[in-house]
Amino acid sequence: MAELATIARPYAEALFKAQASDLAGTATWLDELAAVAGNAQLQQFIDSPKVSDEQAFELISGVVRTALPEAGKNFLRLVIENRRLSALPVVAQQYRVLMNTQGGTADAVVQSAFPIDASALADLSSTLEKRFARKLNVRVEQDASLIGGIRVVVGDEVLDTSVKARLEQMKSALTA
């Protein structure tokens, strides 16, 4: 994984500098490209010596939901020509980190056993921003295995108030 991070860093930094006028728009199409490039079957197909760079470009740009801007097409061609398609998900992550650092924000993933309505999410978001002392871009994922409560991941920090975590704590206390 460290190798992919090393490979991805220059791509993320160059894209960040080149697209400074539209960081959010770039993040959108870059995330889509990363999602497509992360597919193992696609990787295996494109790694075949019988597939040309142009065929790979046409396939990926055809699968992406939104039309790529010219900068997106050029970036995708560059990544394909340099055989760095496998690093694209890491490029997207590092680009997001650069974008968040500039904006003073962080990405937060809230995992919940049940759906969270908009008003509860707004309240939770403001509470989490106070707790983590920064503006958060909150994304919700549903995970029924939590049983109840929430689990919040912000970078390398985790706040776990789920029933599952409490049961694990009780199990550890009882077996110790």
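Before moving on, here are some points about what is shown:
- Hits in the range 147-168 - residues which are out of contact with any helix residue (DSSP H, G or I) (no Cβ under 6 Å at 6 or more places or on another chain), surrounded by 14 or more Cβ atoms within 10 Å (Cβ to Cβ) and among the small types (Gly, Ala, Ser): Ala165
- Residues in the range 131-156 that are over 18 Å from Asn100 (Cβ atoms) and out of contact with any strand residue (DSSP E or B) (no Cβ under 7 Å at 6 or more places or on another chain): 5 in all.
- Contact annotation: residue pairs with Cβ atoms under 9 Å, 6 or more positions apart or on different chains, pairing a residue in the range 20-38 that is within 13 Å of Gln93 (Cα to Cα) and open to solvent by 30 Å² or more (accessible area, probe 1.4 Å) with a partner that is in a helix (DSSP H, G or I) and among the aliphatic types (A, V, I, L, M), are Asp31/Ala92; Ala35/Ala92; Gly38/Leu88.
- Near pairs, Cβ below 7 angstrom, 6+ apart or cross-chain, from the range 111-136 (free of Cβ contacts under 8 Å to residues at least 12 places away in the same chain) to any residue that is surrounded by 12 or more Cβ atoms within 10 Å (Cβ to Cβ) and outside any helix (DSSP H, G or I): Glu129/Lys135; Glu129/Leu136
- Selected residue (criterion: nearest to Asn137 (Cα to Cα)) from residues of the range 39-66 that are open to solvent by 20 Å² or more (accessible area, probe 1.4 Å) and among the β-branched types (Val, Ile, Thr): Thr66
- Complete set of residues in the range 67-108 that are at pLDDT 95 or above, open to solvent by 60 Å² or more (accessible area, probe 1.4 Å) and of a type in the set (A, V, I, L, M, F, W, C): Leu78
- Any hit, the range 1-10, residues being open to solvent by less than 80 Å² (accessible area, probe 1.4 Å), more than 30 Å from Asp160 (Cα to Cα) and not β-branched (Val, Ile, Thr): yes
- The condition of being in contact with a helix residue (DSSP H, G or I) (Cβ under 9 Å, 6 or more places away or on another chain) and either of a type in the set (D, E, K, R) or surrounded by 15 or more Cβ atoms within 10 Å (Cβ to Cβ) (or both) holds for Gln111.
The values are calculated or read from the model by the stated rules, or taken from the named source; none is laboratory data. None of the values given here were measured: they were computed from a predicted structure. Neighbour counts are summed over all protein chains in view; Cβ atoms, including those assigned to glycine, are modelled from backbone coordinates with ideal geometry. Just so you know, the surface numbers come from the protein's heavy atoms only, side chains and all, with ligands and any DNA or RNA stripped out. Shrake-Rupley method; radii C 1.70, N 1.55, O 1.52, S 1.80 Å.
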